[in-house]
Amino acid sequence: MNADYGAPTALAGPLQQRRALYQPRLPPCLQGATVRAEYGEATTTIDPAGAHAVAQAFPRTYGQRLVTFLAPDDAAGADKAAVHERPPIRVGVVFSGRQSPGGHNVVWGLHDALRAYNPHSVLYGFIGGTEGLFANKTLEITDDVLASYKNQGGFDLLGRSIDQIRSSKQVSAAMTTCHNLNLDGLVIVGGVTSNSDAAQLAETLVQKNCKTKVVGVPVSLNGDLKNQFVETTVGFDTVCKVNSQLISNVCLDAISAGKYYYFVRLMGRKASHVALECALQSHPNMLIMGEEVALSKLTLMEVINKICDGVQARAELDKYHGVLLIPEGLIESIPEMYALIQEISILHNNNVPVTEIPTQLSPWAAALFQFLPPFIRRELLLHQESDNSAQLSQIDTEQLLAHLVEAEMIKRTKEGRYKGKKFSSVCHFFGYQARGSLPSNFDCDYAYVLGHISLHMIAAGLTGYMATVANLKDPVYKWRCAAAPLTAMMSVRRHLRGPGAIPIGKPAIHPSPIDLKGKAYELLREKASSFLLDDFYRTPGGIQFEGPGSDAKPITLTIEDQDYMGDIEMLKLYLDKVKTIVKPGCSRDTLKAAISSMISVTHVLTVMSHPLNTELPLYHFN
Ligand SMILES: O=P(O)(O)OC[C@H]1O[C@](O)(CO)[C@@H](O)[C@@H]1O
């Protein structure tokens, strides 16, 4: 473990230095030292059929009320109230989940809020993540320690290890640390797994009369911690922006030489949130979404045929290049691959040595395993993640697809079905490159705000809650700060076959898949055939930290809430921009293309036929 965590380091480059000067914004309710907590309704869970199981598993923390944070009635008075009336608070913070851009700002926000609340408060960071928590290895967070980590990427202020506080040994080690440090609060930073563990730890601490309050903060590049309380996670925006830039570079490379198909796999685990957002930002030719594959129960060969049909359709236009996106979890969405992975997982759990796993598979799984290229076989056998899922980042699904597509194209050529000249592929996995990026302004602000909320949750004595912010699509001054019970986000997995749905496994916060009835998916469907054939590539460019574009938000975050029919501001924006790129009298198709090339979140036809739109018709007379 690196002994230098938190050691003040000089920021090497001018951009890093300038970013360290960025002051994240706060909504009005967080601008004073205290807040007013307003208690709402008692909660159940987002999974009504699983509510009983959740209530049984979390007898002391289930059903807590929603809490909204508002500015105190008399903000000036409340802040003037003698600091000694607010006892100093002792808090620990741990990076539990994988690194995600913006994570450092949670610590910074928490630190600033603690100091404003009472300057004698103390914040400890656990060195090396959960292992530091178990071993009570701390670093006291001070202004000096934070100086070179403000608005910077990575989790290197403290580091991380495993995203697990689950076994009774781990839970009891965490409790001992909380007790020894006399912590009032413990802030756990991470995604679905870490926040499920936070809920369990909170419940245990209440049951054992430990005073430490446990608070979760939604930080994960995957964007899959999403539900009625959580709009997005810290890091998703940055990672999508960086990946979209890389994808659009690859698109331009592809069209320039016209000879390669790029198969790009994107980090984000099983749900396709990152892949969908990047597709809407960069307009690649194809996106194979895990949720679609799972819904239609497409087999591996059906997925391959779908891609080959696309390649063939493009060859008819004399196009021999293209860009295909896939989420890293696609492999688990293909039914027969999922079943194979499940068999391997059971054998792992039964401690069968890796070398013997292939010999103990069922006959059909063994046959599928043998059919796969050796590199995939080796990767499928890797040890599992802490949540017992396959190590998706290590499975080169893009190479598997490229390999099978190539074989199928050769076959189609021999059969005379493909008259194209050639097919060549190049594979990429975009993940780690983006995960360490400097965070966008959105992620800097969001994380800093969540850090502040965490302090107010602890001060209010809340435990087993997650810090949340609503209205994220709006400017920061309109953000609404709240706390939602972790149990309210839980569901219980079920066997859907057989008589009734049988609950399996412990209640947990599960990753949310893409909503196939949502507006973002609908937009992608609308554009799919144009993306496939028109090479309508969009270049979003690098993350902007200042000036126009620096406040851009994820398309998938903003679109779900947009009411285009009524959005006059949006319409005006389109009008102004359209006028700069097309001339009156251009064809309707040119106009459509111009609108959708500017901002992907358009419902182009809706905008064009909007009753308030008196000017656009002039532009599509032809
Ligand atoms: O750093 P590691 O262990 O390869 O983690 C990779 C995993 O972490 C994530 O980046 C975040 O959960 C996943 O998208 C990915 O599968």
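Residues in the stretch 403-429 that are touching a strand residue (DSSP E or B) at 6+ places or on another chain (Cβ under 7 Å) and either within 16 Å of the ligand (Cβ to nearest atom) or farther than 16 Å from Gln312 by Cβ (or both): Val426, Cys427, His428, Phe429. If you check Glu277, Glu336 for being modelled with pLDDT of 95 or more, among the charged types (D, E, K, R) and within 23 Å of Arg525 (Cβ to Cβ), only one passes: Glu277.
Among the criteria (1) touching a helix residue (DSSP H, G or I) at 6+ places or on another chain (Cβ under 8 Å); (2) surrounded by fewer than 20 Cβ atoms within 10 Å (Cβ to Cβ); (3) at pLDDT 95 or above, the one Ile162 does not fulfil is (3). Going through (1) in a loop (DSSP other than H, G, I, E, B); (2) under 27 Å from the mean Cα position of the chain (by Cα); (3) not β-branched (Val, Ile, Thr) one by one, Ser148 falls short only on (1).
Scanning the stretch 415-448 for residues that are small (Gly, Ala, Ser), touching a Ser or Thr at 6+ places or on another chain (Cβ under 9 Å) and under 18 Å from Val264 (Cβ atoms), which turns out modelled with the lowest pLDDT? Once the filter is applied, the top-ranked residue is Gly431. Of all the criteria given as (1) in contact with a Ser or Thr (Cβ under 7 Å, 6 or more places away or on another chain); (2) closer than 14 Å to Tyr465 by Cα; (3) not charged (D, E, K, R), the one not satisfied by Val219 is (2). Could you check the stretch 239-319 for helices (runs of 4 or more DSSP H) lying wholly inside it with 3 or more residues that are buried (at least 24 other Cβ atoms within 10 Å of the Cβ) and within 16 Å of the ligand (Cβ to nearest atom)? By residue number, 273-282.
At pLDDT below 95 and more than 22 Å from Phe155 (Cα to Cα), is that true of Pro48? Judged against the criteria, Pro48 is a match. Residues in the stretch 201-223 that are within 16 Å of the ligand (Cβ to nearest atom) and of a type in the set (A, V, I, L, M): Val217, Val219, Leu221.
Considering the conditions (1) at pLDDT 95 or above; (2) assigned by the TED database to the domain that holds Glu332; (3) outside any helix (DSSP H, G or I), Tyr521 is excluded by exactly one of them, (3).
Of all the criteria given as (1) in contact with a strand residue (DSSP E or B) (Cβ under 9 Å, 6 or more places away or on another chain); (2) farther than 27 Å from Leu300 by Cα, the one not satisfied by Asp445 is (1).
The values are calculated or read from the model by the stated rules, or taken from the named source; none is laboratory data. Here the structure is a predicted model, which means the values were calculated and not measured. Every residue, glycine as well, gets a Cβ built from its backbone with ideal geometry; the counts of neighbours run over all protein chains shown.
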